[in-house]
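Notes follow once the structure below has been shown.
The values are calculated or read from the model by the stated rules, or taken from the named source; none is laboratory data. What you see is a predicted model; the values in this text were computed from it and never measured. Cβ sites come from the backbone with ideal geometry, for glycine too, and all protein chains shown count toward neighbours. These area figures cover heavy atoms from the full protein model, side chains too; ligands, DNA and RNA do not enter into them. Shrake-Rupley method; radii C 1.70, N 1.55, O 1.52, S 1.80 Å.
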Amino acid sequence: MRTIYKPTGAAAEYCADGWALNLYSGCTGGCRYCYVPGCLRRTPEEFHATEAPRPGVLEALHRWCCNHEPGHGRRVFLSFTSDPFPAESETTFRALQ
């Protein structure tokens, strides 16, 4: 699983000196302006139908943090493909810890 990654393209302007992490798959927000279904090649109905933590995401985040030195360059942007604080936010709170 590609858990934490360096954003490229237009996304890089939001965290040029950091990393990105998508904790959730799907998003039930249903925003009409949402660009994510098109990026993921899914229909809006399919993308907005469910929202769940990505399997193994917290374990992968922990491994990543253990393998990177503290300090500059460890900022992590949450999240390009979903709401980082959905109704089920326990995963987000655990990731922030």
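Applying the condition of being touching a residue at least 60 places away in the same chain (Cβ under 8 Å) and in a helix (DSSP H, G or I) to segment 8-24 and asking which residue is farthest from Phe80 (Cα to Cα) yields Tyr14. Scanning segment 39-51 for residues that are without any contact (Cβ under 8 Å) to a residue 24 or more places away in the chain and under 19 Å from Leu78 (Cα atoms) gives Phe47, His48.
Once segment 55-97 is narrowed to residues that are basic (Lys, Arg) and either open to solvent by less than 30 Å² (accessible area, probe 1.4 Å) or modelled with pLDDT under 90 (or both), the residue that is nearest to the chain's Cα centre (by Cα) is Arg75. Within segment 1-54, the set of residues being more than 13 Å from the chain's Cα centre (by Cα), exposed (fewer than 13 other Cβ atoms within 10 Å of the Cβ) and basic (Lys, Arg) comprises Arg32, Arg41.
Matching residues to (1) on the phi > 0 side of the Ramachandran plot; (2) outside any helix (DSSP H, G or I); (3) small (Gly, Ala, Ser); (4) in contact (Cβ under 8 Å) with a residue 60 or more places away in the chain:
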position	(1), (2), (3), (4)
Gly29	no, yes, yes, no
Tyr33	no, yes, no, no
Pro37	no, no, no, no
Leu58	no, no, no, no
Trp64	no, no, no, yes
Phe77	no, yes, no, yes
Pro84	no, yes, no, yes
Thr92	no, no, no, yes
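What number of residues in segment 13-32 are of a type in the set (A, V, I, L, M, F, W, C) and farther than 21 Å from Cys65 by Cα? First the steps, then the outcome.
So the first thing to find is which residues in segment 13-32 are of a type in the set (A, V, I, L, M, F, W, C), and the list is 15-16, 19-21, 23, 27, 31.
Subset that is farther than 21 Å from Cys65 by Cα: 27, 31.
Number satisfying all stated conditions: 2.
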